[in-house]
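Undergrad: There's a structure below that I have some questions on.
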């Protein structure tokens, strides 16, 4: 009997790329531009979910009222503010080595991010990933982003696997929830700022510090 090998589906920001706080500050700038001055910690708690849901939740929390046109403008303002900070973004420790290890072991993997290609492109290039040869799913190609499972389901479809044969790796509770809804096992990383207890309560069955730590223990999640 042949050995079963799972496939891996990775989130991008905070999971492979050290970019969470650049996104937090970019959303802070975008919100201030439209008249909402929100504490950055409140913004951080929403990073990882879709931009539309993110905006709706913040407006609900603050009681602010914005026109539909302004709400639609926010993602563009965020993207512009983020790209101004993109030069400070770096791969997380072990990210490239982890992807190289999986490739050398013949273990399929894909990336599925709530970001659109405009903000994700720079990070993808830093990791040395060619989207023509590797599966990268962005917000542009699905109807709903996290915590809906669409991104991970699309990645599993491109990998030609049942979602239950995938291990989703993410840094936020929204990644873990989306992974569970897709029917996949989920692994959490602390590199996005969420605590181990939060990730485990959301459904992560293993939690590691960052990609480097995951690589050291990859046999624990089937990545021999």
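The values are calculated or read from the model by the stated rules, or taken from the named source; none is laboratory data. Treat the numbers as computed from the prediction; the structure is a model and nothing was measured. Positions of Cβ are generated from backbone atoms using ideal geometry, with glycine treated the same way; all protein chains shown enter the neighbour counts.
Undergrad: Within the range 1-22, which residues are surrounded by 23 or more Cβ atoms within 10 Å (Cβ to Cβ) and assigned to a helix (DSSP H, G or I)?
TA: Passing the criteria: none in range.
Undergrad: Being more than 20 Å from residue 129 (Cβ to Cβ) and either modelled with pLDDT of 95 or more or not assigned by TED's automatic domain parsing to the domain that holds residue 139 (or both): is that true of residue 26 here? Walk me through how you get there before you give the answer.
TA: Values: more than 20 Å from residue 129 (Cβ to Cβ): yes; either modelled with pLDDT of 95 or more or not assigned by TED's automatic domain parsing to the domain that holds residue 139 (or both): yes.
Yes; evaluated as a whole, the condition is true for this residue.
Undergrad: Now for a different question. Could you check the range 38-54 and list, in sequence order, the residues that are in a helix (DSSP H, G or I), buried (at least 17 other Cβ atoms within 10 Å of the Cβ) and modelled with pLDDT under 80? I'd like the intermediate steps shown before the answer.
TA: Taking the range 38-54 first, the residues in a helix (DSSP H, G or I) are 40-44, 51-54.
If we keep only those that are buried (at least 17 other Cβ atoms within 10 Å of the Cβ) too, we end up with 43-44, 51, 53-54.
Result: 51, 53, 54.
Undergrad: If the requirement is being in contact with a helix residue (DSSP H, G or I) (Cβ under 6 Å, 6 or more places away or on another chain), closer than 23 Å to residue 6 by Cα and in the same structural domain as residue 206 (by TED's automatic domain parsing), which of these qualifies: 153, 102?
TA: Of the residues listed, the single one that is in contact with a helix residue (DSSP H, G or I) (Cβ under 6 Å, 6 or more places away or on another chain), closer than 23 Å to residue 6 by Cα and in the same structural domain as residue 206 (by TED's automatic domain parsing) is 153.
Undergrad: One residue is enough: does the range 118-139 have a residue meeting the conditions out of contact with any strand residue (DSSP E or B) (no Cβ under 8 Å at 6 or more places or on another chain), surrounded by fewer than 23 Cβ atoms within 10 Å (Cβ to Cβ), touching a residue at least 12 places away in the same chain (Cβ under 8 Å) and closer than 26 Å to residue 202 by Cβ?
TA: No - not one qualifying residue is present in the range 118-139.
Undergrad: Within the range 191-204, which residues are on the phi < 0 side of the Ramachandran plot and either in a helix (DSSP H, G or I) or touching a strand residue (DSSP E or B) at 6+ places or on another chain (Cβ under 6 Å) (or both)? Walk me through how you get there before you give the answer.
TA: Within the range 191-204, the first condition is being on the phi < 0 side of the Ramachandran plot, and the residues that meet it are 191-192, 194-202, 204.
Across the range 191-204, the qualifying residues are 191, 192, 196, 197, 198, 199, 200, 201, 202, 204.
Undergrad: Return a yes/no flag: does the range 115-123 have any residue that is within 22 Å of residue 208 (Cα to Cα) and in a helix (DSSP H, G or I).
TA: Residues of the range 115-123 that are within 22 Å of residue 208 (Cα to Cα), as a first pass: 123.
If we keep only those that are in a helix (DSSP H, G or I) as well, we get 123.
Scanning the range 115-123, I find at least one residue that is within 22 Å of residue 208 (Cα to Cα) and in a helix (DSSP H, G or I), so the answer is yes.
Undergrad: Identify all residues within the range 56-70 that are surrounded by 10 or more Cβ atoms within 10 Å (Cβ to Cβ) and closer than 19 Å to residue 40 by Cα; write none if there are none. First the steps, then the outcome.
TA: To start, the set of residues in the range 56-70 that are surrounded by 10 or more Cβ atoms within 10 Å (Cβ to Cβ) comprises 56-59, 61-62, 64, 66, 70.
Once the filter is applied, which keeps residues that are surrounded by 10 or more Cβ atoms within 10 Å (Cβ to Cβ) and closer than 19 Å to residue 40 by Cα, the range 56-70 yields 56, 57, 58, 59, 61, 62, 64.
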